[in-house]
1. Can you list the helices (runs of 4 or more DSSP H) found entirely within segment 66-160 that contain at least 2 residues being within 16 Å of Tyr24 (Cβ to Cβ) and not polar (S, T, N, Q)?
2. Checking the conditions here, which among Lys23, Lys62 is without any contact (Cβ under 8 Å) to a residue 24 or more places away in the chain, of a type in the set (Lys, Arg) and away from ligand 1 (no atom under 13 Å from the Cβ)?
3. Is it the case that some residue within segment 54-66 is within 26 Å of Leu127 (Cα to Cα), surrounded by fewer than 21 Cβ atoms within 10 Å (Cβ to Cβ) and either under 17 Å from the mean Cα position of the chain (by Cα) or at pLDDT 95 or above (or both)?
4. Please verify whether Ala119 is within 15 Å of ligand 1 (Cβ to nearest atom), in contact (Cβ under 8 Å) with a residue 24 or more places away in the chain, crowded, with 21+ Cβ neighbours inside 10 Å and not charged (D, E, K, R), treating the condition exactly as stated.
Amino acid sequence: MGSMSTQPAFLFDLDGVIVDTAKYHFWAWKRLAEGLGIGFDEEQNEQLKGVSRVESLNRILKWGDKTLCPDEFAEALDRKNRDYLSYVEQMQPDEILPGVSEFLSQCRALGIPVALGSASKNAPLILDRLGLRAQFDAVVDGNSTQRSKPDPEVFLLGARALGVAPDRCVVFEDAQAGIEAAHRAGMKAVGVGHASELSEAEVRIPGFLDLLPTALLERLS
Ligand code: BG6
Ligand code: MG
């Protein structure tokens, strides 16, 4: 890539920021956990947000004090993902969270580079279903990363793909693990939503409705 630019860039988490797939992950994990005889509530789910599929199952098994042999583990991951995809397949572009499409269009108009930084291996499928693929200059997801948030890998790869220095990047996240990942990458974090776990973010927003990129950059400066 060429030299790093000094303009700001935006990195977006997917699940819970662009679209409310966070609830589909919750439903699918809950069904899987309960099938294994492990209780699973919203508070535990909060701790899995931004965490990879494999790491999420490891945590659920630990909470339930259960172990699975490698075959069972792989089968459980597959079952959870099939259940999750049954919701995703029903998803329509009107499930894009309020104001997100407009915000992304404004970024384009202002020339702000935009990347996706998601732990999900389903990210390309979801972007296609929502018709949002063309809004992103780069997509980094669970298929191109080795380490789960709060490791900064996904956002550092996003910054590199955009050719922007990490300290010029702003990360939009709904999960504590993602905000920690942003900070470890040397980036600023915008917490999206109401969760108390977002208190570490530099700025918090309820969502993207009526939000202008310029106004947000002002709040961050
Ligand atoms: C993250 C979600 O975006 O992606 C997690 O917040 C999820 O809940 C993770 O486990 C991995 O997603 P997938 O689609 O690869 O199972
Ligand atoms: Mg998320």
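The values are calculated or read from the model by the stated rules, or taken from the named source; none is laboratory data. On a predicted model such as this, the values are computed, not experimentally measured, just so you know. Note that we place each Cβ from the backbone using ideal geometry, even for glycine, and neighbour counts take in every protein chain shown.
1. Ranges flagged: 70-88, 123-130.
2. Working: Lys23 fails: away from ligand 1 (no atom under 13 Å from the Cβ).
The match here is Lys62.
3. Within segment 54-66, the subset within 26 Å of Leu127 (Cα to Cα) is 54-57.
With surrounded by fewer than 21 Cβ atoms within 10 Å (Cβ to Cβ) added as a condition, the list becomes 54-55.
Imposing the further condition that a residue be either under 17 Å from the mean Cα position of the chain (by Cα) or at pLDDT 95 or above (or both) reduces the set to 54-55.
For segment 54-66, residues within 26 Å of Leu127 (Cα to Cα), surrounded by fewer than 21 Cβ atoms within 10 Å (Cβ to Cβ) and either under 17 Å from the mean Cα position of the chain (by Cα) or at pLDDT 95 or above (or both): present.
4. Values: within 15 Å of ligand 1 (Cβ to nearest atom): yes; in contact (Cβ under 8 Å) with a residue 24 or more places away in the chain: yes; crowded, with 21+ Cβ neighbours inside 10 Å: yes; not charged (D, E, K, R): yes.
Yes, satisfied.
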